[in-house]
Amino acid sequence: MTTDITTPLLPYRITICGLDELAGHAQGGFTHVVSILDPERADPEDFTAYLPHRRVLWRFDDTLQPGPGMTVPCERDVRKILTLGEELLAEKAEQLLIHCHAGVSRSTATAVILMAQNNPGREPEVFQELSRVRPRSWPNSLMVGIADDLLGRGGALVRELRGHHAKVAASHPDLASLIRLHGRAHEVPEA
């Protein structure tokens with residue numbers, strides 16, 4: 001599933017996708033790309049077919065807790081997202097592609113952080129926009145929690161994320177089951 005966001009919360013367009021969708025976006029005219037990959041994952045070759053663009057590559061796992069061989073997203077990673085958000089505004093970015101492995105968790109958390117960054121008090125709108133454009137999404141709660149702290153939102157992003165997770169769990173029980181199986185059962189609300 002590919003998603004192209006035109007949102008009043010950002011002055012540029014965002015497309016969110018997974019690895020298996022990258023080839024289909026080669027002619028998308030993206031000015032900027034964010035790649036979020038597992039540390040051991042090879043860099044996708046799809047970008048050789050893309051038009052010239054500015055690309056950042058971040059490597060951390062889609063996890064919430066440390067474990068053997070896992071690289072947990074941390075404050076440094078969320079600060080990089082916030083710095084990129086400032087740079088995108090300064091550079092007058094036109095189109096941003098954000099991808100992770102499946103286009104469900106790390107990439108959607110990044111989109112949430114970018115939309116929330118300069119829109120304090122509009123946290124409900126951030127998740128409404130995400131629901132509208134990427135209904136099958138499960139933003140990484142650790143990343144969103146760190147952003148909530150860094151942006152001084154007093155838990156507003158985390159509260160809205162919980163509501164988003166509840167809606168997605170109800171409408172996409174298959175995704176909720178996958179989240180449970182991958183060590184994140186505490187993110188899935190009880191039915």
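The values are calculated or read from the model by the stated rules, or taken from the named source; none is laboratory data. Quantities reported herein were computed from a predicted structural model and do not represent experimental measurements. Don't worry about glycine lacking a Cβ; one is built from the backbone with ideal geometry, like all the others, and counts go over all protein chains shown. Just so you know, the surface numbers come from the protein's heavy atoms only, side chains and all, with ligands and any DNA or RNA stripped out. Shrake-Rupley method; radii C 1.70, N 1.55, O 1.52, S 1.80 Å.
Where the eigenvalues come from the Cα gyration tensor of the stretch 60-108, what are the semi-axes √(5λ) of the equivalent ellipsoid, largest first, in whole Å? Display every interim value, and only then the final one.
Values: eigenvalues 125, 38, 7 Å².
Sorted largest first and rounded, they come to 25, 14, 6 Å.
With the chain treated as a Gaussian network of Cα nodes joined by springs under 10 Å, which of L142, L96, L51 yields the largest mean-square fluctuation?
Its mean-square fluctuation being the largest, the pick is L51.
If you average 1/r over every pair of different alpha-carbon atoms in the stretch 20-131 and take one over that average, what Kirkwood value in Å do you get?
Value: 15.0 Å, from the Cα pair sum.
Out of the trypsin sites (Lys or Arg not before Pro) in the stretch 1-93, which ones are loop residues according to DSSP with at most 14 other C-beta atoms within 10 Å? Could you put the intermediate results ahead of the total?
Values: sites: R13, R41, R54, R55, R59, R76, R79, K80, K92; in loops: R41, K92.
Passing both the DSSP loop test and the Cβ count: R41, K92.
Could you give each residue of the stretch 22-35 its phi-based ³J(HN,Hα) in whole Hz, using Karplus coefficients 6.51, -1.76, 1.60 with θ = phi - 60°, and x for Gly or Pro?
Per-residue couplings from phi come out as 4, 4, x, 9, 4, 9, x, x, 5, 8, 9, 9, 10, 10 Hz.
With a 1.4 Å probe and all protein chains kept in place, how much accessible area does S141 have, in Å² rounded to the nearest 10?
For S141, solvent-accessible area is about 30 Å².
Quick check: Cα centre of the stretch 121-166 to Cα centre of the stretch 27-64, how many Å?
23
Once you have the Cα-Cα distance between R136 and T6, take 0.36 nm times their residue separation minus that, and quote the gain in nm to one decimal. Walk me through the numbers on the way to the answer.
On the way: separation 130, 0.36 × 130 = 46.80 nm, distance 1.74 nm.
Residue separation times 0.36 nm, minus the Cα-Cα distance, leaves 45.1 nm.
Roughly speaking, what is the stretch gain from E40 to V56, that is 0.36 nm per residue apart minus the C-alpha to C-alpha distance, in nm to one decimal? If you can, show how the numbers build up before the last one.
Numbers: separation 16, 0.36 × 16 = 5.76 nm, distance 1.66 nm.
Here the answer is 4.1 nm.
Any idea what the dipole of the chain comes to, in debye rounded to 20, about its Cα centre with Lys/Arg Cβ at +1 and Asp/Glu Cβ at -1?
On the way: 20 positive and 25 negative charges, 66 e Å.
That gives the chain a dipole magnitude of about 320 debye.
Using 0.36 nm per residue of separation minus the Cα-Cα distance, give me the extension gain between R76 and L89 in nm, one decimal. Present the calculation step by step, with values, prior to reporting the outcome.
Values: separation 13, 0.36 × 13 = 4.68 nm, distance 2.03 nm.
Extending this stretch completely gives an extra 2.7 nm.
Convex hull over the Cα atoms of the stretch 103-175, averaged projected area in nm²?
Convex hull of Cα atoms, orientation-averaged projection: 4.1 nm².
Applying the Karplus parametrisation 6.51 cos²θ - 1.76 cosθ + 1.60 with θ = phi - 60° to the phi angles of the stretch 174-185, what ³J(HN,Hα) value in whole Hz is obtained for each residue in order, glycine and proline being reported as x?
My calculation for the stretch 174-185 gives 5, 5, 4, 5, 4, 4, 4, 5, 9, x, 10, 4 Hz in order.
Amide H neighbours of A102 under 5 Å, counting only residues 5+ apart in sequence or on other chains, H built in-plane at 1.01 Å?
Counting only residues 5 or more places away or on other chains, the set is L19.
Mind giving me the FRET efficiency for V158 and A185? R0 is 30 Å, r the Cβ-Cβ distance, nearest 0.05 is fine. Intermediate results must be reported in sequence, preceding the final value.
On the way: r = 17 Å, r/R0 = 0.58.
So the FRET efficiency works out to roughly 0.95.
Quick one: order R106, R153 from most to least accessible surface, probe 1.4 Å. Can you show the working numbers first?
Numbers: R106 10, R153 30 Å².
The residues order as R153, R106, largest area first.
Long-range amide H contacts for R13: which residues qualify at under 5 Å (H placed 1.01 Å from N, peptide plane, sequence gap of 5 or more or a different chain)?
Residues meeting the amide H criterion: Q95, L96.
Return, for the Cα atoms of the stretch 1-82, the radius of gyration and Dmax in Å, separated by a comma.
Every Cα atom of the stretch 1-82 included, Rg and Dmax give 14.2, 41 Å.
Output ³J(HN,Hα) for the stretch 90-106: one whole-Hz value per residue in order, computed from phi by the Karplus curve 6.51 cos²θ - 1.76 cosθ + 1.60 with θ = phi - 60°, and x for Gly and Pro.
Taking θ as phi minus 60°, the curve returns 5, 7, 6, 4, 9, 9, 10, 9, 10, 9, 9, 5, 10, x, 10, 10, 5 Hz for the stretch 90-106.
Please name which of S35, T83, G69 has its Cα lying farthest along the dipole of the stretch 1-102 towards the positive end, using unit charges on Cβ (Lys, Arg +1; Asp, Glu -1) and the Cα centre as origin.
The one lying farthest along the dipole's positive direction is T83.
Which three lengths, in whole Å and largest first, does the stretch 136-191 cover when its Cα atoms are put on their principal axes?
Taking max minus min along each principal axis of the Cα atoms, the stretch 136-191 gives 33, 19, 18 Å.
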